[in-house]
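Everything below concerns the one structure shown next.
The values are calculated or read from the model by the stated rules, or taken from the named source; none is laboratory data. It should be emphasised that the depicted structure is a prediction, and the values quoted were computed from it without experimental measurement. All Cβ positions, even for glycine, are placed from backbone atoms using ideal geometry, and neighbour counts span all protein chains on display. Ligands, DNA and RNA are stripped out before the accessible areas are found, and what is left, the full protein with its side chains, is counted by its heavy atoms. Shrake-Rupley method; radii C 1.70, N 1.55, O 1.52, S 1.80 Å.
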Amino acid sequence: GWPPGSGEMCARRLAILCSRLQLLLCSSHKESVLSFFYPSPEGLAWTQLLLLRLWSYLLSQAEHLPYRHQPALFATLTPLMERGELGPSALLGAPALLLEKYAHVLWQTVGYVVSKLNRKAAPSEVRVFCSHALSIAFFRLPLLRPVLLGAILPPGENRFKHVREWNLPWSLQRAALREGNAAPEPGDASPPGGRGRSSWSSSRSSARDTRAVFASGGTPRGRRERGGAVREADPPLDAWAALWLSQGMANAVPPAVVERALGGRYWRERLRKRGHCFFLLLEHWTRHAPAAMGTQPDE
């Protein structure tokens, strides 16, 4: 066992370390984002890799800490995930190894969040962090968007209820699924009662369609106009989709890793109920949306 008093000493050291990391991660040379100036691209790449390693390490240790120490860890991870060095503009021209590491860390975060949401109970600090992390992953992982949106409002229920705000031309659901061609086949739709085939099969088909989109460099099918002319596919809708596509890293993470991160069924049911879990996600989504769209602080 631990020597007497060693646990308390480790807790104090952890608190001091987290407070110092938070102070560093909240420092910035810029006003628009939390980021430093770097004299060379090599220095920026070194910092980005260090931040990703710290992100992955802290997340891997969260499960092993007592609940009373987890809030300090989550408070350290939150500003780390929002650093400007990990934004799409700072990653243009980054090495392939760095982008592959980034994709793995993002899916590692999704796997952690899903594992927590698959449990029936979690402390409030864990729920808040999971909502924040999942909203960030929603914007940074185009493959995750049709899965989350299909879990919140399955296609069968959407056709049955036809929520107008969900299907307007400017709707986020239509925009996010336009690239993935996520319209399910008739056999994949779940009836209004929720029985029949689960949304996991339609989500996997949406993910496969999205991977095909990235591999081909556009939408799965061009739009055919009158006279037989085929219109060019629309360009990516946002900076993150454009980043993964331009760098050729759309398939950086194997499909098995994606399916393992999205395993389980209870988290989908919690989002489909559109209760406390959904509104927490929506709250953090609205906070992160301006940053994902490149909105400046004074706008």
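I need the Kirkwood Rh of the range 90-150: take the reciprocal of the average 1/r across all distinct C-alpha pairs and report it in angstrom.
Values: mean 1/r = 0.0788 Å⁻¹.
Final number for the Kirkwood radius of the range 90-150 is 12.7 Å.
Report the full-extension gain for the segment Y57 to A96: residue separation times 0.36 nm, less the Cα-Cα distance, to one decimal in nm. Provide the component values of the computation, followed by the final result.
Values: separation 39, 0.36 × 39 = 14.04 nm, distance 2.08 nm.
In short, 12.0 nm is gained.
How much FRET efficiency would the formula 1/(1 + (r/R0)^6) give for A75 and N251, where r is the Cβ-Cβ distance and R0 is 45 Å, rounded to 0.05? All intermediate terms of the calculation are to be shown ahead of the outcome.
Details: r = 34 Å, r/R0 = 0.75.
Between A75 and N251 the formula returns 0.85.
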Non-local residues with an amide H under 5 Å from the amide H of Q247, with H modelled 1.01 Å from N and Pro and chain starts lacking one, are none
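Between A242 and N118, what's the calculated FRET efficiency when r is the beta-carbon distance and R0 is 35 Å? Round to 0.05. Please report the intermediate quantities before stating the final value.
On the way: r = 32 Å, r/R0 = 0.93.
Here the calculated transfer efficiency is 0.60.
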Between the modelled labels at W46 and Y67 (7 Å from Cα along Cα→Cβ) the distance in nm is 4.3
Expected vector for the range 49-60, Karplus 3J(HN,Hα) from phi with 6.51, -1.76, 1.60 and θ = phi - 60°, integer Hz, x for Gly and Pro, equals 5, 5, 5, 5, 5, 5, 4, 5, 5, 4, 5, 5
With all protein chains in place and a 1.4 Å probe, L143 shows an accessible area in Å² (nearest 10) of 20
Along the range 259-267, Karplus-curve 3J(HN,Hα) (6.51, -1.76, 1.60; θ = phi - 60°) to the nearest Hz, with x for Gly and Pro, reads 5, 5, 5, 9, x, x, 10, 5, 5
For S35, other-chain or 5+-apart residues with amide H closer than 5 Å (H placed, Pro excluded) are H29, K30, G84
In whole Hz, the Karplus estimates of ³J(HN,Hα) for the range 283-288 (6.51, -1.76, 1.60; θ = phi - 60°; x where Gly or Pro) are 4, 6, 4, 5, 6, 8
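Which semi-axes, in whole Å and largest first, does the equivalent ellipsoid of the range 9-141 have when worked out from the alpha carbon gyration tensor as the square roots of 5 times its eigenvalues?
On the way: eigenvalues 130, 67, 32 Å².
Computed over the range 9-141, the values are 25, 18, 13 Å.
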